Amino acid sequence: MKNFYSRPADEVSKEMGTDTAKGLKSEEIASRLEKYGKNTLVQKKNRSFAAMFISQFKSFMIILLIIAAIISGVMGIKTGEGLLDTYIIMGILLLNAFIGAYQEFKAQKSLESLKKMAAPVAKVVRDGESMVVNVEDVVPGDIVELEVGDIVPADIRITESCNMSIQESSMTGESVPVEKTPDTLPDEDIPLGDRKNMAYSSGVVTFGHGRGIVVGTGMNTEIGKIADMLGGESDTQTPMQARLENLGKVIGTASVLICVVIFIIGILYGRPVINMLMVAVSLAVAAIPEGLPAISTIILSMGVRRMVKHNAIIRKLPSVETLGCTTVICSDKTGTLTKNQMTVVEEFTPSGNLDRLITISVLCCDAKVVKNSEGGVTRVGDPTEIALIDLGEKHGTVKSALDASCPRVGEVAFDSSRKRMSTINRMQDGSLQINTKGGLDEVLSVCDRIETAEGVRKITPEDIADLQARNQKMADSALRVLAMAYRPAEKVSSDVDEVEKNLIFTGITGMIDPEREEVIGAIKECHDAGIRTIMITGDHKATALAIATKIGIHKEGDLAITGTELDKIDEETFDRTVDKYTVYARIAPEQKVKIVTAWQKKGEIVAMTGDGVNDAPALKQADIGVSMGITGTEVAKDASDMILSDDNFVTIVSAVSEGRRIYDNILKTVLFLLSTNLGEVLLLFVASILNMGIPLLPIHILWINLVSETFPALALSLDPVARDIMKKQPRGKGKQFMDKGMIWRISYQGVMMGAITLVAFIIGKNMGMEMYGNAGAAESLGQTMAFASLIAAKLVHAGNLHSNTESRFKFNPLENKPLIFAIGASLVFSLAVLLVPSFAEAFSFSSMGRDQWLTVAGLALVPLVVVELFKAFRWNGK
């Protein structure tokens, strides 16, 4: 957009082809609408549910399972064994795809919410007359009139301003309304928040009135730029998604290679091709953890439900785990780290008495407290004046009651040149009193006396020097200072020179948008957890530094930088030095994205918090965007991954803890599943190499992988959080999902499971030969014992996984009651398959006697003994 703020209003008027007094002619509107389009935001087409559903099948692991299902189906038809295996594989894949697509379907609504922010109507001047039009019909060149309460309908170059202030916090992050002026700004490189002769779409007029020329509508507004950025940014793959995808590729590739090797060996042994295809499919099914995608999705869903209880609403399923990986939190200041409510935090009166200071403060302001539709009250007006009302209520002075007892009978309105406001009130005793507030120097300039503890006396140079020193001290703490004065009046007047003279100085107030009390502890806990917190705000540098230092974000040696300064740093230099800055002030929306991206280039996992429109692009770019549920705009909410329903920064810490817990518990689940898968692969591989037959059929493996393992795997995700979880350093993107310790545990436990199953198969096969004298029947009994032993050993093994280092006997089983029920359920289902004749026949199982069951029971205890020994000798890995 052109720099309209650095050009005179008449020049802008000429370029836009309009008259600042009469506005556009009616006949021009249609052609301008055709040229520039409606004053609405363009929405890019969202993906349909069907497209989201289909995208769930892109995983390499899922594609391999589909191929295995097809081969299994073809073989089932040729051998007459039916399509049961195929149905089971495809059923679980379809279920997982539906769950994933459903979660995504509710996500991308950012641009729709941006539309909701548009004002329904706007007041414009056309053909020399004021009229109200639909906001979508506002065109460039229109003259717009603005009054208190109006939402700015487009981007406007101010041409007239009568003490007009506009709240732009949703765009700039600055908590104080900006006083507007028609004056031309000399600098051509001015941050958005300092362009005092511009009004931007979605701003709210809080004081005064004015008018201006529309210079941008629809997608050509600053908010339109944000909409375009939202539509253009792609979603960032979460760490869990990336790790599971990489794991799937490794497992899939390995399974294909093993299948090929075994198939070739079988052919060399002279076995029938159909038999070797069956073994190959069995291996593929054994190697790939079919239930892992669905189980990890369900685990994350359970985490989502738990997060709701902690005031966090998860919009995108893997985001819970992502928070657990977070290494950097880029936080907006206003409304996130602060209360987004100007508050008087310091007062000084030379008399030592606050009563008169408070009376003046409450009487000399136009803010009001009004009833809302919900039956409560709403404060309306300039935030600094609302802070004065709150100060009064804190000390027992209610504005409505004071206004009633001391009615206003005259006033001199605030003027930007005077920087003062005065009211004349009839006090309770019937006398008239002038009450004045404004900047310290401006108020002192019309005072000749001062109220002290000893009474009213003439003000001295020493008094002024003391007051100016106190003012400077407050200003150094980023406080906004207002001074108060008064004097008795003999008559009502609106003449400035008559009213504002010979005043008695009373005192000063210092106000700021204060930090949330609980934020200091939350930031410290983030620091202890190895998470760095960065402040990014549109507010002024001094204010940002004051808050950041107080809450522990900015420490000695850290740097702070403004948006203008940031623009002067080339991308390569900034990417290299981004970790030196803890405070960013006067930052534009696109710069927030730049900051987040620079951290991501360093391999960091970045969370971005915010509540305003200006935060939305960065929320979307971040690995996880966190918006505020109460004060947050709909734009920010829909661009985020997680919404804090209590607007509390502390909730993020709870989310981080829950994310780490979920990650740790998913690792337990992966270990539980993959040790079985590896055991099954080794079992089939060894049996094939040694020409021992087929220890487990595909349907057996599917039952183990999808039924008997599923309930314990889910229950392991409910293990309680480790006591020291928030004392550990975050994993970050550099941390491998399958580190050395994890690989070692999967390896030795997989070998253990494979050995247990192979021993059971050999024992069962030998027993079968002795009992039946038939190789087919013997192999069936061997398969039955292998199946029973593997399931029993897995159920016992689940209890080993609560900790990688501590004995299972130090863990109270009642701390995870669902695991007890899950083991029981899996045992019941598996016994049903083994003992119910119709099921046993479908699975080709044989009946087992006492000796077989005792053997199974003995083999089931092997994992308990082996893993406990490995932990005792510290062989279990970290």
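Does ALA788 satisfy the criteria of being among the small types (Gly, Ala, Ser) and more than 16 Å from GLU680 (Cβ to Cβ)?
No, not satisfied.
Based on what the data block shows, is ASP476 touching a helix residue (DSSP H, G or I) at 6+ places or on another chain (Cβ under 9 Å) and surrounded by fewer than 16 Cβ atoms within 10 Å (Cβ to Cβ)?
When the stated conditions are applied, ASP476 passes them.
When you scan region 557-631 for strands (runs of 3 or more DSSP E) that lie fully inside it, which ones turn up with 2 or more residues that are of a type in the set (Phe, Trp, Tyr)?
581-585
What single numbered condition from (1) within 24 Å of MET164 (Cα to Cα); (2) of a type in the set (Val, Ile, Thr); (3) part of a helix (DSSP H, G or I) fails to hold for VAL412?
(3)
Kindly indicate the residue of region 709-721 that is of a type in the set (A, V, I, L, M) and open to solvent by 40 Å² or more (accessible area, probe 1.4 Å) and also nearest to PHE787 (Cα to Cα) among those meeting that condition.
It comes out as LEU718.
Does PRO712 fit the bill of being over 16 Å from ALA822 (Cβ atoms), of a type outside the set (S, T, N, Q) and in contact (Cβ under 8 Å) with a residue 24 or more places away in the chain?
Against the criterion (over 16 Å from ALA822 (Cβ atoms), of a type outside the set (S, T, N, Q) and in contact (Cβ under 8 Å) with a residue 24 or more places away in the chain), PRO712 does not qualify.
How many residues are surrounded by fewer than 17 Cβ atoms within 10 Å (Cβ to Cβ) and part of a loop (DSSP other than H, G, I, E, B) if we restrict to region 784-810?
4
Do we have any residue at all in region 839-862 that's aliphatic (A, V, I, L, M), without any contact (Cβ under 8 Å) to a residue 24 or more places away in the chain and farther than 30 Å from LEU83 by Cα?
yes
Of all residues in region 627-682, how many are under 30 Å from ALA254 (Cβ atoms), of a type in the set (S, T, N, Q) and within 17 Å of the chain's Cα centre (by Cα)?
The qualifying residues number 0.
Would you mention how many residues in region 152-178 are of a type in the set (D, E, K, R), farther than 24 Å from LYS225 by Cβ and at pLDDT below 90?
0
Go through (1) β-branched (Val, Ile, Thr); (2) without any contact (Cβ under 8 Å) to a residue 60 or more places away in the chain; (3) in contact with a Leu (Cβ under 8 Å, 6 or more places away or on another chain) one by one and return the number of the condition VAL492 breaks.
(2)
Looking at (1) touching a Phe, Trp or Tyr at 6+ places or on another chain (Cβ under 6 Å); (2) open to solvent by 70 Å² or more (accessible area, probe 1.4 Å); (3) modelled with pLDDT of 75 or more, which is the one condition that is false for PHE49?
Against the list (1) touching a Phe, Trp or Tyr at 6+ places or on another chain (Cβ under 6 Å); (2) open to solvent by 70 Å² or more (accessible area, probe 1.4 Å); (3) modelled with pLDDT of 75 or more, PHE49 comes up short only on (2).
Of the numbered conditions (1) of a type outside the set (A, V, I, L, M, F, W, C); (2) outside any helix (DSSP H, G or I); (3) surrounded by 16 or more Cβ atoms within 10 Å (Cβ to Cβ), SER417 satisfies every one except a single condition; which is it?
So SER417 meets the others, but not (3).
When you scan region 589-607, do you find a residue that is at pLDDT 90 or above, open to solvent by less than 10 Å² (accessible area, probe 1.4 Å) and within 20 Å of ASN311 (Cβ to Cβ), even just one?
Within region 589-607 (the criterion being at pLDDT 90 or above, open to solvent by less than 10 Å² (accessible area, probe 1.4 Å) and within 20 Å of ASN311 (Cβ to Cβ)), the answer is yes, since at least one residue qualifies.
Give GLU525, GLU565, GLU517, GLU500 a once-over and let me know the one that is touching a residue at least 40 places away in the same chain (Cβ under 8 Å) and surrounded by fewer than 23 Cβ atoms within 10 Å (Cβ to Cβ).
Answer to the selection: GLU525.
The values are calculated or read from the model by the stated rules, or taken from the named source; none is laboratory data. Small disclaimer: the values here were computed from a predicted structure and weren't measured. FYI the Cβ positions are ideal-geometry reconstructions off the backbone, even for glycines, and counts take in every protein chain you see. Remember, those area values only see protein heavy atoms, side chains included, never the ligands or the DNA or RNA. Shrake-Rupley method; radii C 1.70, N 1.55, O 1.52, S 1.80 Å.
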